Amino acid sequence: MNAAARSEAPQPARPSSVLIVDDVTDTREMYGLYFRTRGFTVFTAMDGRHGIDAATEHRPDVIIMDLSMPGVNGIDATSALKRDARLRNIPIIILTGYPLRAVQRGVLEAGADAFLTKPCLPEELEQHVRRLLERGPRRSR
């Protein structure tokens, strides 16, 4: 096979990646394990500050962000990510135990793409992740 034929061969698709940002270790581990078994590459972070750093380093396809975390909370982390030109097109799902409409409005105003409440079955979360992946990256805000 010549070099031109090799370069035209389809490359295997890289697995989609998710970044799970949550201060509760069990939550990160449970969703992380689930998404790994579903073929995703998984990154995790224990709070908003580490989430911003991990998003910058790994450029995940989707971010799953807890709302209430020590230090930088989910709204502030989402706002920071959406202000960064390199990261603003990464869809963010806020996953929280606070189902209040006012919280949901604030989260969406900060730039989140979806709002889900805990408890959330991993299969339901995966459906939202896949919908955002199918939609593709946002081009503008």
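The values are calculated or read from the model by the stated rules, or taken from the named source; none is laboratory data. No experiment lies behind these values; they were computed from the predicted model shown. Positions of Cβ are backbone-derived with ideal geometry, glycine not excepted, and every protein chain shown enters the neighbour counts.
Restricting attention to segment 71-78, does a residue exist that is at positive phi and either within 13 Å of the chain's Cα centre (by Cα) or not β-branched (Val, Ile, Thr) (or both)? First the steps, then the outcome.
Within segment 71-78, the first condition is being at positive phi, and the residues that meet it are 71.
If we keep only those that are either within 13 Å of the chain's Cα centre (by Cα) or not β-branched (Val, Ile, Thr) (or both) too, we end up with 71.
Yes, some residue in segment 71-78 is at positive phi and either within 13 Å of the chain's Cα centre (by Cα) or not β-branched (Val, Ile, Thr) (or both).
Just to be sure before I move on: is Pro99 surrounded by fewer than 14 Cβ atoms within 10 Å (Cβ to Cβ), not aromatic (Phe, Trp, Tyr) and not in a helix (DSSP H, G or I) in the structure I sent? Before the answer, list the steps.
Details: surrounded by fewer than 14 Cβ atoms within 10 Å (Cβ to Cβ): yes; not aromatic (Phe, Trp, Tyr): yes; not in a helix (DSSP H, G or I): yes.
The answer is yes for Pro99.
Restricting the search to segment 19-44, which residues are among the aliphatic types (A, V, I, L, M) and surrounded by fewer than 17 Cβ atoms within 10 Å (Cβ to Cβ)?
Within segment 19-44, the first condition is being among the aliphatic types (A, V, I, L, M), and the residues that meet it are 19-21, 24, 30, 33, 42.
Listed by number, the residues that qualify are Val24, Met30, Leu33.
Can you tell me which residue is farthest from Gly51 (Cα to Cα) among those in segment 88-117 that are of a type outside the set (A, V, I, L, M) and free of Cβ contacts under 8 Å to residues at least 24 places away in the same chain? Spell out the reasoning first.
Our first condition is that a residue be of a type outside the set (A, V, I, L, M); within segment 88-117, this holds for 88-89, 91, 96-99, 101, 104-106, 109, 111, 113, 115, 117.
Keeping just the survivors that are free of Cβ contacts under 8 Å to residues at least 24 places away in the same chain gives 99, 101, 104-105, 109, 115, 117.
Details: Pro99: 22, Arg101: 25, Gln104: 20, Arg105: 22, Glu109: 19, Phe115: 17, Thr117: 19 Å.
Checked segment 88-117; the qualifying residue farthest from Gly51 (Cα to Cα) is Arg101.
Test Arg83 against the criterion of being touching an Asp or Glu at 6+ places or on another chain (Cβ under 9 Å) and loosely packed, with under 15 Cβ neighbours inside 10 Å, and give yes or no.
Values: touching an Asp or Glu at 6+ places or on another chain (Cβ under 9 Å): no; loosely packed, with under 15 Cβ neighbours inside 10 Å: yes.
No, not satisfied.
Quick check on Asp61: is it modelled with pLDDT of 95 or more and over 24 Å from Arg130 (Cβ atoms)? Steps first, please.
Details: modelled with pLDDT of 95 or more: yes; over 24 Å from Arg130 (Cβ atoms): no.
Considered against the rule, which asks whether it is modelled with pLDDT of 95 or more and over 24 Å from Arg130 (Cβ atoms), Asp61 comes out as no.
Could you tell me which of the residues Ile75, Ile93 is part of a helix (DSSP H, G or I), of a type in the set (A, V, I, L, M) and surrounded by 15 or more Cβ atoms within 10 Å (Cβ to Cβ)?
Ile75
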